[in-house]
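The values are calculated or read from the model by the stated rules, or taken from the named source; none is laboratory data. As the structure is a prediction and not an experimental result, all values here were calculated from the model. Here the Cβ positions follow ideal geometry from the backbone for every residue, glycine too, while neighbour counts run over all protein chains shown. Please note that ligands, DNA and RNA were not included when accessible areas were found on the heavy atoms of the full protein model with its side chains. Shrake-Rupley method; radii C 1.70, N 1.55, O 1.52, S 1.80 Å.
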Amino acid sequence: MEVSVTVNGERRSADVEPRTLLVHFLRETLGLTGTNVGCDTSSCGACTIHVNGESAKSCTMFAVQADGAEITTIEGLASEDGELHPMQQAFMDCHGLQCGYCTPGMVMAATSLVAENPGGLDEAGVREGLEGNLCRCTGYHNIVKAVLSVGGAA
Amino acid sequence: MTAVEDPITTTAIGTPMKRREDPKLLAGEGKYVDDIHVVGQLWMGMVRSPLAHARITSIDTSAAEAAEGVHSVLTGPQLQEMGLWLAPLPCAWPVTEDMVNPPHYPTAIDEVHHVGEIVAVVLADSRYGAADAAEQVIVDYEPLDAVASIAAARDGSATAHSEHETNKAFHWPLVPDPDALEAAFANPAHHVKANFVQQRLIPAAMEPRGVLAVPSPMGGDVTLYSATQVPHILKVMIAATTGIPESKIRVVAPAVGGGFGAKLNINPDEILAVTLANRLGRAVRWTESRSEAAFSTHQGRGQLQTIELAADADGKLQGVRVHIDADMGAYMMLITPGVPLLGSFLYTGVYDVPAFGFTCDGYFTNLTPTDAYRGAGRPEASYAIERAMDILAAQVGIGPDEIRRRNYLAGGEYFENLEVPSTLVFDSGHYGPNLDRALELADYDGLRAEQARRRAAGESKQLGIGMVTYVEICGLAPSRALGGLSYGAGGWEHATVRLLPTGKAEVVSGSTPHGQGHETTWSQIVADKLGIPPEDVTVLHSDTAISPLGLDTYGSRSLAVGGVAIAAACDKVVEKAKQIAAHQMEASADDLEFAGGMFSVSGSPDQAMPIQAIAFGAFTAHNLPDGMEPNLQEQVTFDPTNFVFPFGTHVCAVEIDEDTGAVELLSYVAVDDCGNQINPMIVEGQVHGGIVQGVAQALFEEACYDEDGNLTNPSMMDYLVPSAADVPSMVTDYTVTPSTSNPLGVKGAGEAGTISSAAAVMNAVVDALSPYGVVDMDMPATPQRVWRTINEAKGGQA
Ligand code: FES
Ligand code: FES
């Protein structure tokens, strides 16, 4: 089946098997390997992207379900000239990543969490908001710090 | 000679430098194995046994073979017949001469010994095609009795391997002075005997393991990309197992998404991918799914421990006696039997214990093999002694802080090179001030006051306070010491440092990062040593074609062995550069000073040369001392003479809701001492992550098996890796007691958090429940288990 999406501002189409997961479509058909796969039960959040402006686990959707959607992946977050998005920069400044495998999903989840909470977040809000994204390396301490530095309540 | 410039003063060591690894990883440009694709690749799908113990009676591959896009389907016997390997998968640690080690081939031949063991492989054109075809292979089994626990293994009415008479794999004793031990336990004022269960854990690095083997048909070479911590060891072992000459094998560990010991092995899939790619002349790839990982990657822990303490009336230890039964799982993998031994030396912890004895029996079960998992044997040891110390404190009637103070080595004062009863020599320690700092940061007195208040008020949410002072043995290791323990390899590490013609440095390291930030840390060391900016340092690693010598990353060894090798290679570069500088400045080398990257003649500061100019001079070789070889490149293989022994005190508080049994970790304070630090930011990150992995064992995680040997919670839906919502922020601080084992004075930090936190949390849980007379509880302290314990203690209405 033909699937057309706008990914990181660019229109991309391809013919895929109907059962192709969106994450495999992004990674293997379109070659956008920044989005990772960490589980097979929608538990880990490594595959988190933005679909039509909202965060979504791309392993829980078929590519065909995303037909016509606007998608942002981690590759599309930094500005054109390569300047990191404030959330990416915060992860770097706060040492919010080690192996980096959870990081693309974590950053994508964190940017939408902050966007959904314009009034600002407290620590509990960040921790609960990122419950669907697992990290085995950092113990979350510095991830929470990074997210609060961008989207914490004043 | 170049004009004199102000020397650059670099003080990179000790600063929390941001990681150079991060921009790429943050942009999604990290290339993990599953991100790498080559034209013509075949996807491997595994047909796995659904039974824990069974004889294979027939395999029907016809439907799978007929499926579209399937290249071939190969059963265990067919693979064996193809002669792809010469020997079974290696166990590098035969702990005793008579250790039982059943052959472990990449696939089962006629009998399966754990759920998930491979019985056939499928090669297909696509990921989905391989998975589909694997499901179409029909295997008939004749079930055999399964050994699904250590207790069942001990009982022995069934054996995990039909050809064995018992399940026992080995007996390993470490009893330096049996008479002294017996005397200590003859009539002690206090005798504590406790049994602890180290439940099996699934390591669950966020990146699943995966392989991609790419042959180069002309040369007969093969490149294996593997999500591994140990490309160098893997290369040697592939050669030994398959007979492919070492020089024809290249192993690359690209970006690796966490390891924690789970990527420290020689796995069936690695051997299958290499040999099939080699034989077929096509690239072969495979990535485990998360649910498959519970069978395709080894697990951790799996021990039953009995620890006894003998103490005098004041609680001063006189002896420690330990026995453990360790679950090997179905097979001996790379260091399976050695894991409990790594812990054996630490059952006396940080304490002055006159007499010590340890014995371990290893048992086979029909479960996924066990092997190293963060801490490997040492979290288990630390747990046993630190839980037992709390039980002793309660018996003696003193606080957990006091029992520790009374027993610290050297009375809690500074010591160095101190021999302990387990026969090791601890490099350095200073436990008293470390405890003081942790208690202060945790507001220990305030916590106790709040605990007393809640108890007096009979509140339903009770407070528990737990502490641990741990020591760990790491920086693996002196090769001789490893040899003495029958380990099959050495413990050295290699480094090459080159100063290139342009004045930039290139470092080749044999240690292999998978999240630890080696590139940043190594650049800090080199920058300081050579007096050049850290950004001028390139770090090369994790590819056996670029870094041919190395022993990789595990056991918190990278800095204490590999980092020290780099520093020493830098010293050699500076030494050679000094000879060149002296020659070119027509001065005596003895009169030259080196600071901030500049060689200058003492007493005449305007006569000076930067090291970059020397590098160019070493490259052109126009004007070198007679007989000197061109170029500035030095190598060092560092083999330490002792381990390193980091230590620390962790204090935490938990709140237990008596009505629901829910345990909330309220606060966690860690004061660690890993000697000198190169990058404190990275150290802190290691501590955080380590702590949460130990908390996970204490409160959340357990690989649960039914009596037939089926894992009931293989997926991440059922196996509870904690999320951000399950843990608090932590408070960390440090004391600094430099190691005497290496010239940098560094210890290790990768495993420390995990070695301490499970015991700290369980000490707090038991402390909260102590008013009910609870003295122990098994991990994980789930709400159900806590609730049941409270109700049983209250009068058995559970
Ligand atoms: S891969 Fe999508 S949630 Fe784990
Ligand atoms: S940084 Fe490794 S899993 Fe999060």
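So the values come out like this:
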item	result
Count of the range B:527-547 residues which are closer than 28 Å to B:THR223 by Cβ and of a type outside the set (Ser, Thr, Tyr)	7
Exclusive hit being in contact with a strand residue (DSSP E or B) (Cβ under 9 Å, 6 or more places away or on another chain), within 12 Å of chain B (Cβ to nearest Cβ) and aliphatic (A, V, I, L, M), set A:MET108, A:MET87	A:MET108
Criterion violated by A:MET1 - all others in (1) touching a residue at least 60 places away in the same chain (Cβ under 8 Å); (2) within 16 Å of ligand 2 (Cβ to nearest atom); (3) among the hydrophobic types (A, V, I, L, M, F, W, C); (4) open to solvent by 10 Å² or more (accessible area, probe 1.4 Å) satisfied	(2)
B:PRO254, sole failed condition from (1) open to solvent by less than 10 Å² (accessible area, probe 1.4 Å); (2) within 14 Å of another protein chain (Cβ to nearest Cβ)	(1)
Set A:GLU54, A:GLU80: member being away from every other protein chain (no Cβ under 14 Å) and either open to solvent by 10 Å² or more (accessible area, probe 1.4 Å) or over 23 Å from B:ALA293 (Cα atoms) (or both)	A:GLU54
So A:ALA146, is it more than 8 Å from every other protein chain (Cβ to nearest Cβ) and surrounded by 19 or more Cβ atoms within 10 Å (Cβ to Cβ)	yes
Matching residues, the range A:127-142, being within 7 Å of chain B (Cβ to nearest Cβ) and either more than 10 Å from ligand 2 (Cβ to nearest atom) or touching a residue at least 12 places away in the same chain (Cβ under 8 Å) (or both)	A:ARG127, A:GLU128, A:LEU130, A:GLU131, A:LEU134, A:CYS135, A:ARG136, A:CYS137, A:THR138, A:TYR140, A:HIS141, A:ASN142
Check on B:THR553, outside the structural domain of B:PHE645 (by TED's automatic domain parsing) and under 19 Å from the mean Cα position of the chain (by Cα)	yes
Residue within the range B:448-464 that is assigned to a helix (DSSP H, G or I) and under 29 Å from the mean Cα position of the chain (by Cα) present	no
Residue within the range B:733-741 that is closer than 20 Å to B:THR553 by Cβ and either touching a residue at least 40 places away in the same chain (Cβ under 8 Å) or of a type in the set (Ser, Thr, Tyr) (or both) present	yes
Enumeration of residues in the range A:11-44 that are closer than 14 Å to A:ASP67 by Cβ and within 16 Å of ligand 2 (Cβ to nearest atom)	none
Selection within the range A:13-47 - away from chain B (no Cβ under 12 Å) and open to solvent by 10 Å² or more (accessible area, probe 1.4 Å)	A:SER13, A:ALA14, A:ASP15, A:LEU30
Residue satisfying condition, being among the β-branched types (Val, Ile, Thr), open to solvent by less than 30 Å² (accessible area, probe 1.4 Å) and at negative phi, within set A:THR111, A:THR60	A:THR111
Total residues in the range B:143-155, condition in a loop (DSSP other than H, G, I, E, B) and closer than 17 Å to B:MET332 by Cα	3
Output for the range B:519-552, where each listed residue is open to solvent by 10 Å² or more (accessible area, probe 1.4 Å) and assigned to a helix (DSSP H, G or I)	B:GLU519, B:THR521, B:ASP528, B:LYS529, B:PRO534, B:GLU535, B:ASP536
Condition broken by A:GLY76, with the remaining ones in (1) in contact (Cβ under 8 Å) with a residue 60 or more places away in the chain; (2) under 25 Å from B:ARG19 (Cβ atoms); (3) within 16 Å of ligand 2 (Cβ to nearest atom) satisfied	(3)
B:GLY446 modelled with pLDDT of 95 or more, in the same structural domain as B:ASN679 (by TED's automatic domain parsing), surrounded by fewer than 21 Cβ atoms within 10 Å (Cβ to Cβ) and touching a Gly at 6+ places or on another chain (Cβ under 6 Å)	no
Long-range neighbours under 7 Å by Cβ, at least six apart or interchain, first residue open to solvent by 10 Å² or more (accessible area, probe 1.4 Å) within the range B:349-366, second polar (S, T, N, Q) and assigned to a strand (DSSP E or B)	B:PRO354/B:GLN318
Selection count, the range B:748-788, where residues are without any contact (Cβ under 8 Å) to a residue 40 or more places away in the chain and not in a loop (DSSP other than H, G, I, E, B)	1
